[in-house]
Amino acid sequence: IANADSVLNDFIEIQGVVGQPPRDSLSRLDWNYKGPRDDQEYAWGVNRHYHVRELLDAHRETGNNIYVQAIDKHVRDWVLQSDPYPAIKSRTAMWRGLEASFRVKLWARIFYELMDHPDLQPSTRLLILSSLPDHAHYAREFHGQSNWLTMELSGLATIAAAWPEFKHASAWLSYSKSAMEESLVKQVYPDGVQTELTSHYHYTALNNFNQFKQICERVGEKLSSQYDDYVERMWDYLAYTMRPDGMGVLNNDSDLDRNKERIESAAEQYQKSDWKFIASNGKSGTKPSQTARFFPWAGQLVMRSGFEIDAEWAFFDVGPWGSGHQHSDKLHLSLSAFGQDFLVDAGRFAYIGAIADKYRGYARSSISHNTLVIDGKPQSPGPLVVEDALPDISFHLDSTLSYATGSISTFQDVDGVAKHTRAICHLPTQCWVVVDHVESDRPCTIETLWHWHPKCEVDEREGMITARRSQGALSLQVLDTISRETRFVSGQETPEIQGWYSERYNQVEANTTTITTSKITAGESVFIWILEATNGIEKKVNANLIGQDENGVSLELLDKSGARQTLFIPFEDSSLLRHIVD
């Protein structure tokens, strides 16, 4: 097992970065080593014992005892070097709360899976037992809130359930149960979305809430029906936002996470045939009643043409900023088709170290997202959380289309008053219509940003911007009459960072960004785009602007067969939406 064999020689991979923590003259590992990029995240990852988990999994797969000998060596070394326990809230590599939680969950596996194994020494098992009360004390007294609480208290519950012989085990479990039930309702909206509004950390919270639920079931502790209901809603969000290729949403501080197998398992656990249908691309289960889904508290619209592997899928964000791991990405649009990404969020890059120093500001800014900037100024942070769901006029879903709208009027250091409203309407298998309505009290410059997946080949011909991939293309057609200048940027470092993409933490690659620039006068301006996923050769529809008033725009769409549709797309009120098919 290659990764585990590397660990045998102290080559440890954390978040895609391989380092070799040094040892001293007594062969003790440097648990504070920050890796080759001097990144504290590396040290935290090593202290979570990710590499020890690699060894345990390798032993389970191969039966090779050399992996158990290495587990014994690393766990023994950690416990001996961690003494004395400081008993204070810490952000050190060894004694931060998240790392303590991850460790004890793994130690429970090690302790019981290898209980009778001769290469896990009795003295090592005693060292684990001696350190567990310190881990429990830290989790009980110094745990964080929100997402951190779920991770740290699921660790405390693991200790209580796995080693009930500890005299405080019952109290630890009771405290964990009370705090977790209270926290779940506080940090998850009624539509099932964790308040950080970040797909990666939504699953992190869900995984810990679910682990806690399983722990309580195993020891006969009953949780409230509300707890079970909210956990199920969290799974429902993960299922209905999942892309046709099985990956989750890349938004805010997310990686491009694979959720397919997670949803398949949850579908079995909850006997949800619609989740099974989504995860199987329609090969089994029951087809959901609607393809599109709007989450009114999170302010997120997921648009689909279906659930097949090559179906159209898009994600539109009109919600609040989020309670953590936020980017200034309101009104951003991500889009995939034919099983491939076209329009993308830039990702999170890194939190600490050289990559973060260079790209972190870009990752969090509007300039790395598919939205507008005004006079070169990105959005300012918005509200962290909301007290109410978005009103019904913010969205509309039916069997023929999906629609949502949102606005932002806070931009960094912009003179005067400016407001950007974006409405998107999706006609499945036909097109998306993106309508940007800008209100300003003075002349200004509008830059519309479109960030493409690195594998897209992007060009402009006769006013049509087209991105091509192996399985098809996405075209952007301008429908308004506002003058634009278009430029393409890739891998730019000066005068500002632009044209970069991060699919995973610590990964960076150049991608193409299309930037269209328009100068507008004071008052109202409307920008209209038609987006089509095509075979790259011929268009699906011909679109024409036939009218505009203070409430929205009217369009005519003609498909190849000559069938005609008329659309009125409102700027802000879905009750005004009109769709007529001749």
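The values are calculated or read from the model by the stated rules, or taken from the named source; none is laboratory data. Being a predicted model, the structure only gives us computed values, none of them experimental. All Cβ positions, glycine included, derive from the backbone under ideal geometry; neighbour counts span all protein chains shown. Ligands, DNA and RNA are excluded from the accessible area calculation, which covers all protein heavy atoms including side chains. Shrake-Rupley method; radii C 1.70, N 1.55, O 1.52, S 1.80 Å.
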query: So how many residues does the stretch 296-324 have that are among the aromatic types (Phe, Trp, Tyr) and within 15 Å of the chain's Cα centre (by Cα)?
result: 3
- line: Of the conditions (1) modelled with pLDDT of 95 or more; (2) under 19 Å from the mean Cα position of the chain (by Cα), the single one that ASN208 does not satisfy is (1)
- request: Working only within the stretch 415-432, note down all residues that are open to solvent by less than 50 Å² (accessible area, probe 1.4 Å) and closer than 16 Å to LEU372 by Cα.
  value: ALA418, HIS420, THR421, ARG422, ALA423, ILE424
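Would you please name the residue that is surrounded by the most Cβ atoms within 10 Å (Cβ to Cβ), looking only at residues in the stretch 398-414 that are of a type in the set (Val, Ile, Thr) and closer than 30 Å to ASP310 by Cβ?
Step one: filter the stretch 398-414 for residues of a type in the set (Val, Ile, Thr), giving 400, 405, 408, 410, 414.
Checking which are closer than 30 Å to ASP310 by Cβ leaves us with 400, 405.
Values: THR400: 12, THR405: 28.
Residue satisfying both the conditions and the ranking: THR405.
Among the aromatic types (Phe, Trp, Tyr), open to solvent by less than 10 Å² (accessible area, probe 1.4 Å) and modelled with pLDDT of 95 or more - does that describe any residue in the stretch 487-502?
Filtering the stretch 487-502 down to residues among the aromatic types (Phe, Trp, Tyr) leaves 488, 500-501.
From the residues that got through so far, the ones that are open to solvent by less than 10 Å² (accessible area, probe 1.4 Å) too are 501.
In the following step, the residues that additionally are modelled with pLDDT of 95 or more were identified as 501.
Yes, some residue in the stretch 487-502 is among the aromatic types (Phe, Trp, Tyr), open to solvent by less than 10 Å² (accessible area, probe 1.4 Å) and modelled with pLDDT of 95 or more.
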field: Residue pairs meeting the criteria (Cβ under 7 Å; at least 6 apart or on separate chains; first in a helix (DSSP H, G or I), in the stretch 112-134; second small (Gly, Ala, Ser) and modelled with pLDDT of 95 or more)
entry: SER131/SER82
query: Looking at GLN226, GLN290, which is the one that is open to solvent by 40 Å² or more (accessible area, probe 1.4 Å) and in contact with a strand residue (DSSP E or B) (Cβ under 8 Å, 6 or more places away or on another chain)?
result: GLN290
message: Criterion first (surrounded by 24 or more Cβ atoms within 10 Å (Cβ to Cβ), assigned to a loop (DSSP other than H, G, I, E, B), touching a residue at least 24 places away in the same chain (Cβ under 8 Å) and in contact with a strand residue (DSSP E or B) (Cβ under 6 Å, 6 or more places away or on another chain)) does LEU301 satisfy it?
response: no
message: List pairs: first residue in the stretch 158-178 and assigned to a helix (DSSP H, G or I), second residue of a type in the set (S, T, N, Q) and surrounded by 18 or more Cβ atoms within 10 Å (Cβ to Cβ) anywhere in the structure, Cβ distance under 9 angstrom, at least six positions apart or on different chains.
response: THR158/SER101; ALA160/SER176; SER176/SER154
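Among the candidates GLY246, GLY220, GLY192, which residue alone is free of Cβ contacts under 8 Å to residues at least 60 places away in the same chain and open to solvent by less than 20 Å² (accessible area, probe 1.4 Å)? Lay out the reasoning, then the answer.
Details: GLY220 fails: open to solvent by less than 20 Å² (accessible area, probe 1.4 Å); GLY192 fails: free of Cβ contacts under 8 Å to residues at least 60 places away in the same chain.
Of the residues listed, the single one that is free of Cβ contacts under 8 Å to residues at least 60 places away in the same chain and open to solvent by less than 20 Å² (accessible area, probe 1.4 Å) is GLY246.
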statement: ASP10 passes all but one of the listed conditions (1) surrounded by fewer than 20 Cβ atoms within 10 Å (Cβ to Cβ); (2) within 14 Å of ILE110 (Cβ to Cβ); (3) of a type in the set (D, E, K, R); the exception is number (2)
statement: Over the stretch 345-363, the set of residues without any contact (Cβ under 8 Å) to a residue 40 or more places away in the chain and either in contact with a Pro (Cβ under 8 Å, 6 or more places away or on another chain) or open to solvent by 50 Å² or more (accessible area, probe 1.4 Å) (or both) is ASP357
- prompt: In the list ILE520, ILE515, which residue meets the criterion of being under 15 Å from ILE446 (Cα atoms), touching a residue at least 60 places away in the same chain (Cβ under 8 Å) and in contact with a Cys (Cβ under 7 Å, 6 or more places away or on another chain)?
  reply: ILE520
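Checking the conditions here, which among ILE546, ILE528, ILE537 is closer than 17 Å to SER475 by Cβ and loosely packed, with under 13 Cβ neighbours inside 10 Å?
Values: ILE546 fails: closer than 17 Å to SER475 by Cβ; ILE528 fails: loosely packed, with under 13 Cβ neighbours inside 10 Å.
Answer to the selection: ILE537.
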- prompt: How many of the residues in the stretch 256-298 are of a type in the set (A, V, I, L, M), within 18 Å of GLN340 (Cα to Cα) and in a helix (DSSP H, G or I)?
  reply: 2
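Take the conditions among the aromatic types (Phe, Trp, Tyr), more than 25 Å from ARG348 (Cα to Cα) and either at pLDDT below 95 or loosely packed, with under 15 Cβ neighbours inside 10 Å (or both) and apply them to TYR112. Does it pass?
Working: among the aromatic types (Phe, Trp, Tyr): yes; more than 25 Å from ARG348 (Cα to Cα): yes; either at pLDDT below 95 or loosely packed, with under 15 Cβ neighbours inside 10 Å (or both): yes.
Against the criterion (among the aromatic types (Phe, Trp, Tyr), more than 25 Å from ARG348 (Cα to Cα) and either at pLDDT below 95 or loosely packed, with under 15 Cβ neighbours inside 10 Å (or both)), TYR112 qualifies.
Would you check which residues across the stretch 48-89 are aliphatic (A, V, I, L, M) and either on the phi > 0 side of the Ramachandran plot or part of a helix (DSSP H, G or I) (or both) and list them? Steps first, answer last, please.
Restricting attention to the stretch 48-89, the residues satisfying the condition of being aliphatic (A, V, I, L, M) are 52, 55-56, 58, 66, 68, 70-71, 75, 79-80, 87-88.
Within the stretch 48-89, VAL52, LEU55, LEU56, ALA58, ILE66, VAL68, ALA70, ILE71, VAL75, VAL79, LEU80, ALA87 meet the criteria.
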statement: Going through (1) open to solvent by 40 Å² or more (accessible area, probe 1.4 Å); (2) farther than 19 Å from GLU312 by Cα one by one, ILE446 fails only at (1)
